[in-house]
Amino acid sequence: MTKAPGRLAPFAALSASYFAHVGFFNPYLPLWLKDLGLSLLVIGMLTSVPAATRLFAPYAWGTLSDRTGERVKLLRWGAGVALVASLGLWLNAGTAWLAVVLLLMFSCTSAMSPLSEVAIAQAVSKNGVLDVRRYGRVRLWGVFVAGAWFDHFGVRHFPMWTSLTLLAVLTSTWFLPDHKEAGHAGEKSQPVWPILRQRPVRWFFAAAFFHVLAHISINVFFSLYLDSLGYDKTTIGLMWVVSVLAEIGWFFTQGRWLPRLSLPGWLVLVGGVAVFRMGVTAAFASSVVVLAVVQTLHAITFAAHHSVNMALLSQHFPGRLRGRGQALFTVVAYGTAGVLGGFLGGLLSSAWGLASVFWAAMVCGLIGTLCAVRVWRLQRSRPGAAG
């Protein structure tokens with residue numbers, strides 16, 4: 001049974017405001033930092049700050065939520081502090097100041113992502129099935145409208161967009177039903193180390209690390225790369241729209257495709273496609289047609305990769321182990337890879353240009369694919385083998 005639309009409206013509002021914020025912030029943060037006159041190395045370091053928060057913030061918020069059961073109140077506090085912190089972006093007080101502001105902002109907003117994923121699945125679903133078309137319109141609004149605005153008025157309004165979208169997030173949290181959940185601090189937990197000792201699990205984490213490390217080139221340096229090639233802000237936004245549409249298409253039809261390969265087989269496939277995508281982006285990004293076509297591969301290299309990873313995590317970390325398995329995956333794949341990718345990408349682009357970042361990403365994708373092949377072979381020869 002689905003809930004009444006009126007009861008779902010606050011969750012839909014939270015999802016809409018959060019994804020509108022993320023939709024414009026991630027693509028245009030590097031361009032705004034460039035507009036401030038910062039070097040590519042500094043931009044790489046600052047854009048790795050959000051990834052750095054994934055090394056600690058999910059654990060901290062998750063533990064606090066488990067102990068208190070006050071998830072909605074914590075969301076309100078997080079959104080409020082993030083909004084106040086965003087006002088610091090209005091001040092041009094130097095690189096260290098920006099790093100502190102971004103660290104505080106993302107330490108708070110990192111708690112919103114898991115709830116937003118659950119909330120949007122509840123709010124825009126029919127009989128428990130996510131309506132990805134409505135989900136997609138929310139994401140596309142943030143990317144496309146912001147691109148048109150920045151193209152016309154310039155990226156100097158980036159701080160204003162940040163504060164306004166976070167204000168919308170904060171406002172939406174005050175309409176959520178304030179239900180306190182039972183805490184789980186006293187529950188006995190199972191050890192996670194025996195799972196991590198299994199060879200397929202170790203190779204799975206290695207494959208995830210190198211695959212995401214390759215994709216940091218897209219998340220952090222793609223907009224800068226296109227800007228250096230002379231693309232305007234609207235076209236850059238459209239390239240992001242293409243990738244989001246591809247992502248939506250995958251989630252809408254994945255039930256048709258996933259059964260055609262084993263999960264480790266999919267892991268190898270998405271790795272190989274990522275190698276191709278990064279190489280083509282490095283070599284042929286000056287062609288808008290080629291670029292648009294290769295952006296559709298986001299359906300495989302990101303969306304399919306995400307689905308397969310979540311399924312494999314559920315297999316390797318069942319029951320009470322699932323939360324810690326997800327947290328470990330976030331730290332290894334998105335936290336560590338995000339920090340290293342931003343820093344190393346900044347070094348590479350400063351020394352050899354932005355195209356070099358995508359050539360390096362192709363190499364990382366290849367290493368990730370080889371790790372995925374190892375997972376596939378281990379699972380094929382000894383299903384569930386450990387050690």
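Of note:
- Relative contact order (percent, whole number), segment 274-383, Cα cutoff 8 Å, 6+ residue spacing: 43
- Accessible surface, segment 189-324, averaged per residue in Å² (probe 1.4 Å): 40
- Carbon plus sulfur fraction of accessible area for segment 268-381, probe 1.4 Å, in percent: 73
- Where Ile300, Ile236, Ile367 fall by accessible area, highest first, once all protein chains stay in place (1.4 Å): Ile367, Ile300, Ile236
- Net length gained if the chain between Val288 and Lys73 were fully extended (0.36 nm per residue, minus Cα distance): 72.8 nm
- Highest average packing first - 39-48, 84-93, 241-250, Cβ atoms within 10 Å: 39-48, 241-250, 84-93
- Sorting Phe25, Phe251, Phe284 on solvent-accessible area from highest to lowest, probe radius 1.4 Å, gives Phe284, Phe251, Phe25.
- Taking Met105, Met310 and ordering them by how much accessible surface each has at a 1.4 Å probe, largest first, produces Met310, Met105.
- Oblate is the label for segment 205-254, because a/c, from the alpha-carbon gyration tensor with a ≥ b ≥ c as root eigenvalues, is 1.5 or above and a/b does not exceed b/c.
- Segment 188-297: C-alpha gyration tensor shape, a/c 1.5 cut-off, then a/b vs b/c: prolate
The values are calculated or read from the model by the stated rules, or taken from the named source; none is laboratory data. Just so it is clear, the structure is predicted and the values come from calculations on it, not from any experiment. For neighbour counting, all protein chains shown are included, and Cβ atoms are generated from backbone atoms with ideal geometry for every residue, glycine included. For the accessible areas, the whole protein counts, side chains as well, though only heavy atoms, and no ligand, DNA or RNA atoms are used. Shrake-Rupley method; radii C 1.70, N 1.55, O 1.52, S 1.80 Å.
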